[in-house]
Amino acid sequence: NAMLLGWSQANPDQVLFQAGELGNEYWPMWSVEPNGYTALTFEDEPMVYGESVEHIWSGSQARW
């Protein structure tokens, strides 16, 4: 599983992901370059543009 974190602050042309298995507490952070090269990263933080919104979904999403 992978979770998109945002653009890299250290290398703005790269994106940051956390990837791991459900149930594991530690998911390492990975940077991905435009050419697809992927590397483990330790000293970077994601930059997120736009507005953070909480509680996007409320209640059941199923319709019967």
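Here are some notes:
- Calculated P(r) tail over 18 Å for the chain, as whole % of Cα pairs: 48 percent
- Full extension of the chain between residue 37 and residue 52 gives 2.5 nm of extra length, using 0.36 nm per residue less the Cα-Cα distance.
- Put simply, when 16-27, 42-53 are sorted by average Cβ atoms within 10 angstrom per residue, most first, you get 16-27, 42-53.
- Over the stretch 15-64, Cα pairs under 8 Å with separation of 6+ residues give a relative contact order of 24 percent.
- Maximal additional length on extending the residue 22-residue 9 stretch stands at 2.0 nm, based on 0.36 nm per residue less the C-alpha distance.
Here, each number is a calculation from the coordinates, and none is a lab measurement. Owing to the predicted nature of the structure, the values given are computational and were not obtained by experimental measurement. Because the Cβ atoms are built from the backbone with ideal geometry, glycine has one as well, and the counts that use them run over all protein chains shown.
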